[in-house]
1. Residue by residue, what Karplus-based ³J(HN,Hα) values in Hz, rounded to whole numbers, does segment 354-370 have, using 6.51, -1.76 and 1.60 with θ = phi - 60° and x for Gly and Pro?
2. Would you calculate the convex hull of the Cα atoms in segment 275-348 and tell me its volume per residue in Å³?
3. Determine, at each q value in 0.12, 0.15, 0.17, 0.21 (inverse angstroms), the log₁₀ of I(q)/I(0) that the Debye formula gives when each Cα of segment 505-562 is one equal point scatterer.
4. Go ahead and run the numbers for FRET between Gln180 and Glu58, Cβ-Cβ distance against an R0 of 25 Å, rounding to 0.05.
5. Give me the percent of the accessible area of the chain that comes from carbon and sulfur atoms, probe 1.4 Å, all protein chains in place.
6. Looking at segment 406-453, what % of the alpha carbon pairs are farther apart than 16 Å?
7. Could you state how much accessible area Arg301 has, in square angstrom rounded to the nearest 10, with a 1.4 Å probe and all protein chains kept in place?
8. Report the Stokes-Einstein translational diffusion coefficient (µm² s⁻¹, integer) for the chain, Rh taken as the Kirkwood radius over Cα pairs, at 25 °C with viscosity 0.890 mPa s.
Amino acid sequence: MKTRICICILTGVLFAIHSSWASSHERIIKERAYLQTDKNTYLAGELLWTKMYITDPEGIPVSFSKTGYIEVLDTQSAVLQAKIDLTDGTGEGCLEIPATLPTGYYRLVAYTRNMRNEGEEIYFNKLINVINTFKTDEEIAVVNDTILQDNSFRIPENTIMVSPEKQIFHVRSAGKIELQGLPENIHSMAISIAGKDLIIPEGTTHINHWKQQLGSLPVTTYSGKYVPEYEGHIVSGKAINLQDGTSSIPEKITPLLGFVGDQLRIFGGHCNENGEVTFVTKRIGGMPELVTTALSPSNNRYRIDIESPYSTHSEKELPGVQLNEAWKEQLLQRSVGLQVLYSYMADSLSQMEKTDSYFQWQPDWSYLLDEYTRFTTMEEVVIEFVIGLRFRRINNKRILSVLTEDRTGFTIGNSLVLLDGIPITDHELIFNYNPLLIRQIEVYKGKFVFGGQLVDGIASFKTYNLDYPGLTLDNSTQFFDYEGTLAKRTFHAPSYPGNHPGNRIPDYRHTLLWQPEVQTGGQRTVSIPFTTSDIQGNFNVVVEGMTKDGKPIYGMASFEVN
């Protein structure tokens, strides 16, 4: 008989390993972060493309943490937050800047959970500028100087040669960027092509500057409070005893966490004597809502409250924004172009890459109920055509049982029942649920382990819109708006072969290319294709990356589109 283990390492083991690190400082792995963006100045409503690099304190790439955190902050509070998956010490993401965000400077902060053990002094920080062209009543300093860029900003020296195919391109034309002098031992490298920044915020840094500044970061003490996420994103919470409202847990409970959706994502957790709950998750990209519950060996009921995974930040004063009156026409055209872009290309701009499912096993039976006679009770549905399920009565309670793996009988109450990914501990709810709201039933026979919790078979019910209509649960089941890691968004760039203008759909891309992982195949010279849009003006090409031994890779060039 096979047992499918859905989490490779138990949370208790993870804590034991971390305890040994915390007691031996020479064995602690410390991390630093660098964040590359496609540009420095954004309009409210634009996309911010970014890539994170994780290194040790000397700038050597490390592959340890599996989740990175990115926040856009005003003076203190977060206006935008995201989690990204890290693979081999790098990760990519795309953040949508809210259209309601006021004009101003904002702090872009990046860190890992492991870095929280040293404090925010070692987090990556840089300023970006957001201009809101939708708000006309903002009080913004406007001056008539022709140059407002920070004069203290120094363009770093190129470590590679970046050469556009030509210096002047037509709109809607195809071109190439040639990268020369590439090192053979590249760890990771990204390229962006975007319209020239109107403002370069003070404190803007490139990877060369960041590497030079690593040695000047403050010496910190490693607290050991936060378990590093070297298996996957850790969701933390607190178990509350509903009998007395305290975190006193007199028995061993099994916390369960599920993500609402069509894919099966269930994670068992660990609860200590103080009621602190920890779930180690994997492959939760793009999941918007989670639900928690707890299995108890007694009749006691508990709820699990989820805590924010993000760091707290000290208040910092930000400089005021000054806009040049000469930019008015340019900003107006760019704002109109942004609105037109979303009007005509919204579907293309929101395409996400398909990711592997966390739960890899296929159901033993799957039923699309619209292909069968529709019954008005769930009992009739199960009896008439769902082979692998049976409702049984045990101790005056209905239990949904799954056919055993050897098909000799049905389970006796240890089956996992899900509705749109929500764990249902009281099977009476499924028995009384309206089957006309169910689109599909999937049944998995056999034994499964979720973070140490053994279940005997799985029954998954899915509604038409995956929004669990009419489901009423008690307060031991908690729902949270909790974004998983960012799903990878596909960068959209129309093709104009042979410099042909193509179709009549307007193309007002301000960022012409974002390629977060440039594959060189070990070659010292590579060519990167791109296409221009309907926007005219000056564009910057920026290449950033690092070698396996921690040397920065940087190259910049510019060209014009008319």
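1. In residue order, the calculated couplings are 6, 10, 5, 6, 5, 8, 8, 7, 8, x, 6, 9, 9, 10, 8, 5, 5 Hz.
2. Details: hull volume 15.8 nm³, N = 74.
Dividing the Cα hull volume of segment 275-348 by its residues yields 214 Å³.
3. Values returned for q = 0.12, 0.15, 0.17, 0.21 Å⁻¹ are -0.39, -0.57, -0.70, -0.95.
4. On the way: r = 28 Å, r/R0 = 1.12.
The value I calculate is 0.35.
5. Values: 12050 of 25450 Å².
C and S fraction of accessible area: 47 percent.
6. On the way: 568 of 1128 pairs.
The calculated P(r) of segment 406-453 puts 50 percent of pairs beyond 16 Å.
7. Counting only protein heavy atoms, the figure is 90 Å².
8. Numbers: Rh = 26.4 Å.
Once the numbers are plugged in, D ends up at 93 µm²/s.
The values are calculated or read from the model by the stated rules, or taken from the named source; none is laboratory data. All of these numbers come straight from a predicted model, not from anything done at the bench. All Cβ positions, even for glycine, are placed from backbone atoms using ideal geometry, and neighbour counts span all protein chains on display. In case anyone asks, the SASA skips ligands and DNA or RNA and just uses the protein heavy atoms, side chains included. Shrake-Rupley method; radii C 1.70, N 1.55, O 1.52, S 1.80 Å.
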